[in-house]
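A.B. asks: Below is one structure. I have some questions about it.
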Amino acid sequence: MSAAEDDPLWLNSPHKRLAFRAACYALFVLLGAAAGWLSGGFWGMLATGTAMLAILISARGWIERSLGELWRRSVQGLAAPAQGQHYAFAGQSLDIHDDGRELWIAERSVRRLLDLDRDLALKARFSNQWRESRELGLRSKGLWIKVTALHQHLADAPDRMDPRRLRLRTYLDRDVLQPTARRRAL
């Protein structure tokens, strides 16, 4: 097994990327030349190969962007059912799980967002509003809190007028709770 087969990032080297791109361009021109040979002999091959090379040179940036976008969308489309919905607030990703009835946010995400210390009062603060990972059928370890309970807590907390907490509450309402409610209403 070669290093390229082990390493998924083998194409990140600029030299390897350039060689790969050159090989793809050469294949494109050779296919055009072969089609020209089949249709008109040597002169057909030369004309078609030259035309293919001209098209390739003039549309190089567009072709790369289009193929890259096509690849990205196809990978996204295939992986979407496994990946689910991604959420991020203030540059930090949020671990949110939808069990079909409720939305749950990971305790570590809440602590990271609100700069909370690790204390045992979190379970008491959200009594009957939290679950362990295994109760939700997740493999990870940790505590999960209902997003609706966090939303309500942000509205009722003494520091509810803190701008960061206001933005988080608005984000949870606008980008997490409302879209989920609309999806479930359909």
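A.B. asks: List the residue pairs whose Cβ atoms are under 7 Å apart, where the first residue sits in the range 165-186 and is without any contact (Cβ under 8 Å) to a residue 60 or more places away in the chain, the second is outside any helix (DSSP H, G or I) and among the charged types (D, E, K, R), and the two are 6 or more positions apart or on different chains.
C.D. replies: ARG165/ASP159
A.B. asks: Same structure again: Which members of the range 125-140 meet the condition of being loosely packed, with under 12 Cβ neighbours inside 10 Å, at pLDDT below 80 and of a type in the set (D, E, K, R)?
C.D. replies: Passing the criteria: only ARG139.
A.B. asks: Listed residues LEU46, LEU116, LEU67; which is modelled with pLDDT under 75 and either touching a Ser or Thr at 6+ places or on another chain (Cβ under 6 Å) or not in a loop (DSSP other than H, G, I, E, B) (or both)?
C.D. replies: Just a single option satisfies the conditions, and that option is LEU67.
A.B. asks: Something else: Please identify the pairs in which a residue from the range 53-65 that is within 11 Å of PHE28 (Cα to Cα) has its Cβ atom under 6 Å from the Cβ atom of a residue that is hydrophobic (A, V, I, L, M, F, W, C) and in a helix (DSSP H, G or I), counting only partners at least 6 apart or on another chain.
C.D. replies: LEU53/VAL29; LEU56/PHE28
A.B. asks: Please enumerate the residues belonging to the range 76-87 that are loosely packed, with under 11 Cβ neighbours inside 10 Å and at pLDDT 75 or above.
C.D. replies: HIS86
The values are calculated or read from the model by the stated rules, or taken from the named source; none is laboratory data. Only a predicted model underlies this, so the values are computations on that prediction, with no experimental measurement involved. Cβ coordinates were reconstructed from backbone atoms using ideal geometry, including for glycine residues, and neighbour counts include every protein chain displayed.
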